[in-house]
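Data first, discussion second: the structure below is written as structure tokens.
The values are calculated or read from the model by the stated rules, or taken from the named source; none is laboratory data. Computed from a predicted model, the values in this text were never measured in an experiment. With ideal geometry, Cβ positions are generated from the backbone for all residues, glycine too; neighbour counts draw on all protein chains shown. What goes into the accessible areas is simple: the full protein's heavy atoms, side chains included, and nothing from ligands, DNA or RNA. Shrake-Rupley method; radii C 1.70, N 1.55, O 1.52, S 1.80 Å.
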Amino acid sequence: MNIKFFNELPESELCHIATLHFNQWSPMNQALNIDDKIEEFTKEYAQQSDKLPTGFAVYENDELVGFCRLKILNLKKYPELTPWISSLLVLKQGDGYGKKIVEFAENTLKKMGYDHVYIYSSKAGDFYKKLEFQFVGMVDKNDAGQAELYKKEF
């Protein structure tokens, strides 16, 4: 397994990742725009790996198996909640890639000086509970609807 921060990847790979992100989440949020996502992934999230915001991708034998972003603000209605694991997408099931991505995200945040992290989900609550995230409550999503909010202390 090889993990690369977005600032280590060529722009073409970041465009590919941004497109995967868009394809995954645009059906749930009609406000998403592919050009904006490409701009975010290639500019905002590819500037550094030692502070937020940042992102990373995980490869197995040069095949992209997943990625996520680490951000300061994720839910606009809750600016006091920070930092976040966001846009976690596992492309290849099995071999514990989701767990490995979350663990790498946690370790990265620890190195940055954080002692906790938030994540929200509408579908993967059981997964986060297995990784020792604690359910905090329901939150309003940016687009519409609600999701489960989880927090993990390091």
Tally, over the stretch 124-154, of residues that are surrounded by 13 or more Cβ atoms within 10 Å (Cβ to Cβ), under 23 Å from ALA57 (Cα atoms) and in contact with a helix residue (DSSP H, G or I) (Cβ under 9 Å, 6 or more places away or on another chain): 7
Show the residue pairs meeting these rules: Cβ distance below 7 Å; 6+ apart or different chains; first residue within the stretch 24-44 and at negative phi and assigned to a loop (DSSP other than H, G, I, E, B); second residue surrounded by 12 or more Cβ atoms within 10 Å (Cβ to Cβ) and among the aromatic types (Phe, Trp, Tyr). LEU32/PHE22; LEU32/TRP25
Restricting to the stretch 109-123, count the residues that are in a loop (DSSP other than H, G, I, E, B) and either free of Cβ contacts under 8 Å to residues at least 24 places away in the same chain or open to solvent by 100 Å² or more (accessible area, probe 1.4 Å) (or both). 2
Identify, from the list GLY55, GLY98, the residue that is in contact (Cβ under 8 Å) with a residue 24 or more places away in the chain, within 21 Å of LEU131 (Cα to Cα), in contact with a Lys or Arg (Cβ under 7 Å, 6 or more places away or on another chain) and buried (at least 19 other Cβ atoms within 10 Å of the Cβ). GLY55
Need the failing condition index for LYS77 against (1) open to solvent by 50 Å² or more (accessible area, probe 1.4 Å); (2) part of a helix (DSSP H, G or I); (3) more than 30 Å from SER12 (Cα to Cα), just the number. (2)
